[in-house]
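Pasting in a structure now, in structure tokens, and then I'll have a few things to ask.
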Amino acid sequence: MARRAKLTDAPAIGLDERKATILEAVVNEHIDTAQPVGSSAIAANADVAVSSATVRSEMVALEREGYLAQPHTSAGRVPTDKGYRYFVDHLEAGVLGVAQQRQLGEFFAHVRGEVEDVLEQTATLLSQLTNYTSVVVGAGHSNATILSVQLVNLDARHHLLVTVFNDGTVTKHSVLANFEASHLDVAEASRQLNALLIGTSLDLTVQVPSRTDVVARLVRESVAVLHAEAPTLEGEQVYIGGSSRVAQVFDGVETVRQVLAILEQELLVVSLVEDVLGQGVSVAIGSEHGFEPLSSCAVIVAPVTLEGESVGAVGLLGPTRMKYREVMAAAEAVSAHLTQHFGGDHGG
């Protein structure tokens, strides 16, 4: 049997030890079975150690206090958002399993490419690790500084501008000129572009040469192309992993439809992640995240930082009965690996 989540021994706030233990058992049982939980199942739990009648009495009290609910006429009960919140707030920190740690380590040992490629692959990995739908958000890089610029001559009037930023992003733009330039002209323009742009960011204005020679015109054309693209580079990049898992983990066709509709709207996804994001791993349960269509969902978000600044986030979306301990551990581990990856030498 999979290892169950375990509450810490921290003093309970609002619940005595017995109620906290019974609530823990109900949450764990409901996460495992997706069914309403009866008192007999809880009384059989070795951690509870009280009679079935006492369990029934305590479950009634937990329902009265808003931690449990009784769906329809079922004899069993399910945790409410308040019950899940108490459970998560008192949960021990989890760790990834050995196989997951190995998979994560091998992925980041070998992943290469531009930031966009790494984030897209990470979204897929995170979904595979947890069996939930993942969201990876990369911040725009209008404020990132330029590390290098290279102008490559494709033909006399067509050139490729390759720009590398200090956040690891690499952009490529075509420079189409209405005049011809030699290989030597392009090489000199590339040298001057580096002198002009290294250390600057896209939201800064640079002083371009006003001369009329071919090299100066190439420099002006290149800077114009790069800065014209700046607005499209400011917005966050959003990558969704495992969208197909929505249908597997949520009950009800309408809920699946609503969740998928939200995932298709990138601005809403970014807004959701930013609203949830706090220090370390953040968890929003049910209506806490403010998105009514996702009221049956839980969202777990962990930040990705570079030199102390947030450059993105990783998130997981699932039903409120998700496996919080394991999922929070996965989000935290992937966040830490991404932070280390972008903060060090990660290839190009």
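The values are calculated or read from the model by the stated rules, or taken from the named source; none is laboratory data. Note that the structure is predicted; figures quoted are calculated from it, not measured. Note: ideal-geometry Cβ built from the backbone for every residue, glycine included; neighbour counts use all protein chains shown.
Can you tell me which residue in the stretch 298-324 is nearest to GLU254 (Cα to Cα), limited to those that are without any contact (Cβ under 8 Å) to a residue 40 or more places away in the chain and not aliphatic (A, V, I, L, M)?
Within the stretch 298-324, the match that is nearest to GLU254 (Cα to Cα) is PRO303.
Moving on. Just name the residue that is nearest to ALA41 (Cα to Cα) out of those in the stretch 72-92 that are in contact with a strand residue (DSSP E or B) (Cβ under 6 Å, 6 or more places away or on another chain) and in a loop (DSSP other than H, G, I, E, B).
GLY76
Related question: In the stretch 309-348, what count of residues is obtained for those that are of a type in the set (Asp, Glu), out of contact with any strand residue (DSSP E or B) (no Cβ under 9 Å at 6 or more places or on another chain) and at pLDDT 85 or above?
Summing the residues that are of a type in the set (Asp, Glu), out of contact with any strand residue (DSSP E or B) (no Cβ under 9 Å at 6 or more places or on another chain) and at pLDDT 85 or above in the stretch 309-348 gives 1.
Just for the stretch 207-241: of the residues that are under 29 Å from the mean Cα position of the chain (by Cα) and modelled with pLDDT of 90 or more, which one is surrounded by the most Cβ atoms within 10 Å (Cβ to Cβ)?
It comes out as GLY241.
I need the full set of residues from the stretch 292-303 which are within 17 Å of the chain's Cα centre (by Cα) and either closer than 15 Å to VAL259 by Cβ or at pLDDT 90 or above (or both), in order please.
LEU294, CYS297, ALA298, VAL299, ILE300, VAL301, ALA302
Can you work out which of the residues in the stretch 271-303 that are acidic (Asp, Glu) and surrounded by 15 or more Cβ atoms within 10 Å (Cβ to Cβ) is nearest to HIS337 (Cα to Cα)?
ASP275
Just wondering, is there one or more residues in the stretch 163-174 that are hydroxyl-bearing (Ser, Thr, Tyr), touching a Ser or Thr at 6+ places or on another chain (Cβ under 8 Å) and loosely packed, with under 15 Cβ neighbours inside 10 Å?
no
Counting only residues that are modelled with pLDDT under 90 and touching a helix residue (DSSP H, G or I) at 6+ places or on another chain (Cβ under 6 Å), which one in the stretch 105-140 is surrounded by the most Cβ atoms within 10 Å (Cβ to Cβ)?
Taking the candidates together, the pick is VAL137.
Can you pull out the residues in the stretch 66-78 that are free of Cβ contacts under 8 Å to residues at least 24 places away in the same chain and surrounded by 11 or more Cβ atoms within 10 Å (Cβ to Cβ)?
Correct list: GLY66, ALA69.
Quick check, is GLU180 acidic (Asp, Glu), at pLDDT 90 or above and loosely packed, with under 12 Cβ neighbours inside 10 Å?
For GLU180, the condition - acidic (Asp, Glu), at pLDDT 90 or above and loosely packed, with under 12 Cβ neighbours inside 10 Å - is met.
I would also like to ask the following. Among the numbered criteria (1) in the same structural domain as ALA187 (by TED's automatic domain parsing); (2) aromatic (Phe, Trp, Tyr); (3) out of contact with any strand residue (DSSP E or B) (no Cβ under 7 Å at 6 or more places or on another chain), which single criterion is violated by PHE108?
Unmet for PHE108, out of (1) in the same structural domain as ALA187 (by TED's automatic domain parsing); (2) aromatic (Phe, Trp, Tyr); (3) out of contact with any strand residue (DSSP E or B) (no Cβ under 7 Å at 6 or more places or on another chain): (1).
Please verify whether GLY66 is more than 18 Å from the chain's Cα centre (by Cα), on the phi > 0 side of the Ramachandran plot and not assigned by TED's automatic domain parsing to the domain that holds PHE250, treating the condition exactly as stated.
Taking the combined requirement at face value, the residue satisfies it.
Residues LEU268, LEU306, LEU204: which one is surrounded by fewer than 21 Cβ atoms within 10 Å (Cβ to Cβ), at pLDDT below 85 and out of contact with any helix residue (DSSP H, G or I) (no Cβ under 9 Å at 6 or more places or on another chain)?
On the way: LEU268 fails: out of contact with any helix residue (DSSP H, G or I) (no Cβ under 9 Å at 6 or more places or on another chain); LEU306 fails: out of contact with any helix residue (DSSP H, G or I) (no Cβ under 9 Å at 6 or more places or on another chain).
Every option except LEU204 fails the conditions.
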